[in-house]
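What follows draws every value from the coordinates through simple rules; no lab data is involved. If you're wondering where the values come from, they're calculated on a predicted model, not measured in any experiment. When we count neighbours, we look across all protein chains shown, and the Cβ atoms used for this are built from the backbone with ideal geometry, even at glycine.
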Amino acid sequence: MAEGIRDKVAIVGMGCTHFGERWEVGAEELMVEAFNECIADAGLARDQIDAAWFSNCMEEIGVGKSAMPVGQTLRLPQIPISRVENYCASGSEAFRGAVYGVASGACDIALAIGVEKLKDTGYGGLPGLDIGTMPPLWWANLSAPGSFAQLASAYRQKFQIGKDELKRAMGMISARSHLNGTKNPKAHLRKAVDLETILKSPMIAEPLGLFDCCGVSDGAACAIVTTPEIAKSLGKSPLVTVKAMQLALSDGSEAGHNSWDGSYFKTTRVASQRAYDEAGITNPREEVGMVEVHDCFSITELVTLEDLQLSPEGGVVKDIMDGFYDADGKIPSQIDGGLKCFGHPIGASGLRMIYEVYLQLLERADERQLDDPRIGVTHNLGGFPHQNVCSITVLGRGD
Amino acid sequence: MIGITSCGGYIPRLRLNRKAVAAANAWFLPALAGQAKGERAMCNWDEDSITMAVEAARDCLNGSDRGELDALYMASTTMPFADRQNSGVVATALNLADGISTMDVTSSQRAGTTALLAGLNAVKGGAANKVLVAAAEKRKTRAASVQEMQFGDGAAAVTVGNKKVIAEFKGSHSVTVDFVDHYRDSEHGFDYTWEERWIRDEGYQKIVPKAVKGLFEATGTGPDDIDHFVISSVYGAVPRSVAKAVGIDQEKLRDTLAAVCGETGTAHPLVMLVHALQDAKAGEKILVVGFGQGCDALLFETTKAVEKLNGISGVSGSLARRKEENNYMKFLTFNGLIEVEKGIRAESNPQTALTTLYRNRKMLEGLVGGICTECKTPQFPKADICVNPDCGATDTQEDYEFAERIAKVNSWSADWLVYTIDPPGHYGMVEFPDGGRFMADFTDYDVGDVDVGMRMRMVFRVKGHDSTRGITRYFWKAAPAAPATEG
Amino acid sequence: MATGIKDKVAILGMGCSRFGERWDMSAEDLMVEAFKECIADAGIDRKEIQAAWMSTCMDAVGVGKSALALALTLRLPQIPVTRMENLCASGSEAFRGAVYAVASGACDFALAMGVEKLKDTGYGGLPVREDGPLAPMWWANNTAPGAFAQLASAYRQKFQVGKDDLKRAMAQISAKSHDNGAKNPKAHLQKAVAVDTILNAPIVAEPLGLFDCCGVSDGAACAIVTTPEIAKSLGKSDLVVVKALQLALTDGTEAAHNSWDGSYFKTTRAAAKRAYDEAGVDDPREDLSMVEVHDCFSITELLTMEDLFLSQEGEAIKDVMDGFYNADGGLPCQIDGGLKCFGHPIGASGIRMVYEAYLQLLGRAGARQLDDPRLALTHNLGGQPHKNVCSVTIVGRPE
């Protein structure tokens, strides 16, 4: 009977580049930048890595297919390196591959590295994605903002919330992320923005304005994982261990069956419950110390906090306005600035979230340090509300 | 008895205000002010002759059994494809069986009446029992041209057959004369037109009466028998002078719809005919002429059934659904007469995989989904495994048509980021009350009026045009439906 | 200390679609075709699958990004589904993901599905792919045949082999695969072809002729894996277990360092050695019962026999001409027709290779059945000789 992978794997090193419009570097340099920090943190030599997992979503405008760019760039000595891809959840998938690699006994020391170079397209905003031959023939002519924006009309309809009230709560989310970003030297955006500016900003996709949408950044992040025994033998203390890794993908019912009302993420609910079970968490609102959610859009964060069972259904607006998720609140959300301000280089984001939790658990988060968070949850989502992949990772200390 | 058994019409919703056009062009051609009365119908960016023909056909077929059709003919001089059967696309959009015969009729302003004649003769000769004839035109004109003011976009459709006839076909006569009042060759997009007076005096005045006289002889009728005279021309004086020449009372001339629609090319005789059928009484004779390198003249006599044209919108219903458009720049942009800066995002131009299109043609062109025979849940698209989370049965689905069903908006957005020629792009999750849903592009909406719960009808529109590879892609979109009396 | 995954995972069921120009089938239809066979073979319910790995390489002309296509098509109940991509080795990567997940204790039943729809492009041959913005600015304007063809000139140079001798050996390889394919009802090509026809065929990329190159096919293949204990408890008495799963990626030396002479695959040698260690194979030429190698081109197969240490260096031609790799030879190679005749739907190939090994080991290979095979090796390669990813998998009976 599968028992899950709780406490089987520990993180011994992590690295993360400065996220932003890194005009002067390519994807290769970004990988090296993240890797150098990571390998130094781990205290290992490059040739001690047994296997690697690589996350890169938009390879067609980046490094091209396969995981070869990692081997070639980092000169890893012909070890197994696998490319994983699941839209914006790719970074978590690379981490999961490395974790399973170690937990299965296939290897001792595994690397997970994610990179994205989005700024070589010549235009602003998220580049168009390959969707195959069939979708262009019938999918709505949609974009990410327009798809996620629809959560708002559905959520408002369900809970009878006024337009302005919801817009304000969304604005508060972004304002808080901006404030958190100012304390993060690696963040893409490091300026506070006030609520009024956010509310008045140009409309991107009704009702999401400019500041309700995360931007487009280049960056890389990576992690080295191993067994707790090996981690201890390397002198690591305290240990940061993986408590749960869960993933859930749409089965088609959101897009094709009238049972979904459009106001929440089915997958997030399923994956987070499985993750809490795997990690032994019975009361998330009480037990979770910090959360990094996939705030591609403020409205995503808003409904996700309910989907993660951190706020009661219909209660998140109140929690937000009460500051529950602020840096000095009960469950700080996006303490590192989130996708919104740290940035969203797609293949790296899932790992960047884990990076912040890792730093926080080891009390290395400098100005952003929270008071003994104990359990950190990351939520990494790819796709659209009506068709998506959701990854939940729970990290804690290995005691 | 053989004749017309049903009719339908489609005039695009947008109506370009002629004053706005004249004012914009006044610096170049002040004389256009003389034409600046009323409005002309204008296609939305996602409409063309095929989409309009589909709309007119749907209207015409409203409520009838589509399985009765033996043939479908489409007439247009603005067919989207020179070599890919356009009437075939229309037939697929209507989800007709493949055992029918289709034909594109083109290259002349009387192609519409010629196609109608061909349908009638097919029934008369026993080759078919029921034929749908659709005519559609999306006009192409240069900026600041007189034609730009006079032409309009539109379509009409009739079924002809031998059961439940609403207007009996009494006979016809055609003359063929290579009178080139204007021409358009296959390389150039615009008409080249000769002088108005010559067209009137040497063309209409001399050729139409020949056809009409021949018709009177063939049917044993005379000018006094005619109750409705359908003759269209951009030249306002022509219908009057031709009526005089053939002896028909001016009172019997049908309104050419110049003030509210404009002249819809080869579709216009059928547009005017449908308009006539909508207010004709029983026992009235309708003379229809089509003029273009000769003339077709057809005679119909209405039956009692014409007074009971239930459920169709027709031309008058279409005309009533109007939205004034004062933005001439928009008209020019939609018609590719002005190049706006589309930005790099618009460069994305995926190939249209013909193998994929073919495998899925019922879904893509006919909006056919599936219904699970186990749990009875309709779903789009049809799939191997039922989408109902409580069912999940395998290999249980049958075809299920969504096109004629009304949907409701469950969620939506207006998107300024996505590339579209008519921003912001509107789309959302539409849901069919009996089951089924999908994320659909919206069209024909008023910005600011879209909201959750809105009733939508599905319409067949241009999904995109790939000018590099020369193909137009079609799919269905959701458009606001009229309040509950519709559908 | 990592012990590898030998004997930790058993194959519960497998399925494979017919490969070929499946005009009337979409990628989704092909997945369903393979899956139906697999789930029936496994004898469990679809809802019991707890995680899945999907392999597809050319997403742009197929199903688009992420693993949603698999999740949506099979209506998998919101379980984790991960997309793997490593060029032509993708299929083996999906299998590896599923195997590691079971071995790690993360789940009991995992699905690996490989699919490729290559025939929606409108032209013959391998579809063009996007390699990112930098590659087109300097990479040689090459194709796969042209890249692999270069092995020939390098090999001839190294071992002083005459042009005709090499050409004849290559032809013998293809003729042998055609003979084998004729016995395989699922193969794309099922006709024997004479050596002379092969020798006289038009040149595609000197010295590879038409019959030296595998074709382009649509298809899908899948496997469900679990622990040997669970497999036994479900009534499977004759088990096929995974003995080794190794991968090796280039570190850049072949393409940029003068130490590589162009006549062999560095990665194949590294991966094979590790795989033999993991599986406990001391004398592969004797111990293996059959091999399925990546015969994208006949020259690839020829050299691979040496890189897998089955033939001595410089001796592969002799072994080929002696019939050692024929169906009735000492070590049958491509008994199911290989990429050459079974076909090469990229994402499916790695799993198709395991499928034949599985059938052979269970005595279910019909007209192709070998006499009591005990250990099978698959070799699945993506990329080009000067930069590639090589996967080596060994399956056999439990100890």
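For B:Lys170, give me every one of the lysines with a C-alpha distance below 29 angstrom, ignoring sequence neighbours fewer than eight places off in its own chain.
Leaving aside lysines fewer than 8 places away in the same chain, those within reach of B:Lys170 are B:Lys124, B:Lys130, B:Lys206, B:Lys210, B:Lys213, B:Lys244, B:Lys252, B:Lys281, B:Lys285, B:Lys304, B:Lys308.
Any idea what the dipole of segment A:1-142 comes to, in debye rounded to 20, about its Cα centre with Lys/Arg Cβ at +1 and Asp/Glu Cβ at -1?
With Lys and Arg at +1 and Asp and Glu at -1, about 220 debye.
Between helix A:163-181 and chain A, what is the angle of the helix's C-alpha long axis to the longest principal axis, kept within 0 to 90° and rounded to the nearest 10?
Between the helix axis and the principal axis of chain A, the angle is about 30 degrees.
Ranked highest first by the average count of other Cβ atoms within 10 Å around their residues, in what order do A:349-359, C:322-332 fall?
By packing density, highest mean first, the sequence is A:349-359, C:322-332.
222 nm [θ] for chain C, helices only, -39500 (n - 2.57) per DSSP H run of 4+, per residue, to 500? Display every interim value, and only then the final one.
Values: 15 runs with 145 residues, N = 399.
Theoretical 222 nm ellipticity from helices: -10500 deg cm²/dmol.
In whole Å, what are the Cα extents of the protein assembly as shown along the three principal axes, biggest one first?
That gives 108, 81, 57 Å along the principal axes, largest extent first.
Summarise the partner chain shielding of C:85-94 as one whole number: the mean count of Cβ atoms from other chains within 10 Å of each residue's Cβ.
Average per residue, whole number: 4.
Distance from the Cα centre of segment B:100-124 to that of segment A:132-192, in angstrom?
If we compute the Cα centre of each part, the gap is 54 Å.
I'd like the mean, over residues of C:28-37, of how many other protein chain beta carbons sit within 10 Å of each residue's own Cβ.
Mean number of neighbouring Cβ atoms from other chains: 2.
Given a Förster radius of 25 Å and the C-beta distance between B:Asn121 and B:Ala82 as r, what FRET efficiency does 1/(1 + (r/R0)^6) yield to the nearest 0.05?
Working: r = 26 Å, r/R0 = 1.04.
Approximately 0.45, to the nearest 0.05.
Counting Lys +1, Arg +1, Asp -1, Glu -1, what net charge surrounds A:Val102 among other residues with beta carbon under 10 Å of its beta carbon?
-1
Residue-wise, which Karplus ³J(HN,Hα) couplings in Hz belong to segment C:12-18, taking 6.51 cos²θ - 1.76 cosθ + 1.60, θ = phi - 60°, and x for glycine or proline?
Result, rounded to whole Hz: 8, x, 9, x, 8, 7, 5.
Taking the dipole about the Cα centre of segment A:89-156, with the C-beta of Lys and Arg at +1 and of Asp and Glu at -1, give me whichever of A:Asn141, A:Cys107, A:Thr121 is farthest to the positive side.
Towards the positive end, the residue furthest out is A:Asn141.
Enumerate the helices in chain C for which the Kyte-Doolittle hydropathy averages 0.5 or more and the C-alpha atoms extend at least 18 Å along the helix's axis, using complete DSSP H runs. Spell out each step's value before the answer.
Values: long enough: C:27-42 (22 Å, 0.34); C:90-104 (21 Å, 0.39); C:144-159 (24 Å, -0.07); C:163-181 (27 Å, -1.23); C:266-279 (20 Å, -1.25); C:346-361 (24 Å, 0.66).
Both cut-offs are met by C:346-361.
Rounded to the nearest 500 deg cm²/dmol, what is the calculated helix-only ellipticity per residue at 222 nm for chain B, with -39500 (n - 2.57) per DSSP H run of length n ≥ 4?
-6500 deg cm²/dmol
Could you give the size of the charge dipole of chain B about its Cα centre, using +1 on the Cβ of each K and R and -1 on the Cβ of each D and E, expressed in debye and rounded to the nearest 20?
Its charge dipole is roughly 520 debye.
Any idea what angle helix A:266-279 forms with the longest principal axis of chain A, computed on alpha-carbon atoms, 0 to 90 degrees, nearest 10?
Long axis of A:266-279 versus the principal axis of chain A: about 40 degrees.
Amide H to amide H, which residues 5 or more places from C:Lys243 or on other chains are under 5 Å from it, using H placed in the peptide plane?
Hits under the 5 Å cutoff: C:Asp7, C:Ile394, C:Val395, C:Gly396.
Using DSSP H assignments, which helices in chain B have an axial alpha-carbon span of 15 Å or above and a mean Kyte-Doolittle hydropathy of 0.5 or higher?
Helix filter hits for chain B: B:49-61, B:111-124, B:268-279.
How far is helix A:90-103 tilted, in degrees, relative to the longest principal axis of the Cα atoms in chain A, given as a value from 0 to 90 rounded to the nearest 10?
Roughly 40 degrees between the two axes.
Mind ranking B:237-248, B:74-85, B:316-327 by how tightly packed they are, going by the mean number of other C-beta atoms within 10 angstrom, highest first?
Output ranking for B:237-248, B:74-85, B:316-327: B:74-85, B:237-248, B:316-327.
Helix-only mean residue ellipticity at 222 nm, chain A, DSSP H runs n ≥ 4 weighted -39,500 (n - 2.57), per residue, nearest 500. What is it?
-10500 deg cm²/dmol
Tell me, how many Å apart are the Cα centres for segment B:1-67 and for segment B:232-294?
Result: 16 Å between the Cα centres.
How much net charge surrounds B:Asp279 when only other residues with a Cβ under 14 Å from its Cβ are counted (Lys, Arg +1; Asp, Glu -1)?
Net charge in that neighbourhood comes out at 0.
Assigning unit charges at the beta carbon (Lys, Arg +1; Asp, Glu -1) and nothing else, what dipole magnitude in debye, to the nearest 20, does chain A show about its Cα centre?
120
Measure up A:Lys65/C:Lys167; A:Lys158/A:Lys243; A:Lys200/B:Lys342; B:Lys382/B:Lys408; B:Lys382/C:Lys117; C:Lys232/C:Lys340 against 30 Å on the Cα-Cα distance and list the ones that go over.
Over 30 Å Cα-Cα: A:Lys65/C:Lys167; A:Lys158/A:Lys243; C:Lys232/C:Lys340.
Which cross-chain or sequence-distant (5 or more) residues have an amide H under 5 Å from the amide H of A:Ser82, H modelled 1.01 Å from N in plane?
Residues meeting the criterion, in which the H sits 1.01 Å from N, are A:Ala52, A:Trp53, A:Phe54.
Straight-line reach from B:Lys138: which lysines fall under 17 Å, measuring Cα to Cα and dropping same-chain residues less than 8 apart?
B:Lys138 reaches B:Lys330, B:Lys463.
If you average the C-alpha positions of segment B:140-160 and of segment A:355-378 separately, how far apart do those two centres end up, in angstrom?
Here the two parts' Cα centres lie 68 Å apart.
Which order, highest average first, do C:384-390, C:253-259 follow once you tally other Cβ atoms within 10 Å for each residue and take the mean per peptide?
Working: C:384-390: 24.6, C:253-259: 12.4.
Those peptides, ordered most packed to least, come out C:384-390, C:253-259.
As an exercise, take the mean of 1/r over every pair of distinct alpha carbons in segment C:38-80, invert it, and state the Kirkwood radius in angstroms.
Its Kirkwood hydrodynamic radius stands at 11.5 Å.
Just need the relative contact order of chain C here, percent rounded to a whole number, with Cα pairs under 8 Å and 6+ apart.
26
How crowded by other chains is A:196-206, given as the mean number of beta carbons from other chains within 10 Å of each beta carbon?
Details: counts 0, 0, 0, 0, 0, 0, 1, 5, 6, 11, 10.
Taking the mean over all residues of the peptide, I get 3.
A:Cys57's amide H: which non-local residues (gap 5+, or another chain) put their own amide H closer than 5 Å, with H modeled 1.01 Å from N in plane and none for Pro or chain starts?
Distant-sequence amide H within range of A:Cys57: A:Gly347.
Could you work out the equivalent-ellipsoid semi-axes for segment B:318-370, taking the square root of 5 times each eigenvalue of the Cα gyration tensor, largest first, in whole Å?
31, 23, 8
Taking the Cβ-Cβ separation of B:Val180 and B:Ala26 as r and a Förster radius of 30 Å, what is the calculated FRET efficiency to the nearest 0.05?
Taking R0 as 30 Å, the efficiency between B:Val180 and B:Ala26 is 0.40.
Each residue of segment C:310-325 in order: what ³J(HN,Hα) in whole Hz does its phi give by Karplus 6.51 cos²θ - 1.76 cosθ + 1.60, θ = phi - 60°, with x for Gly and Pro?
8, 10, 5, 4, x, 9, 4, 4, 4, 4, 5, 5, 6, x, 4, 9
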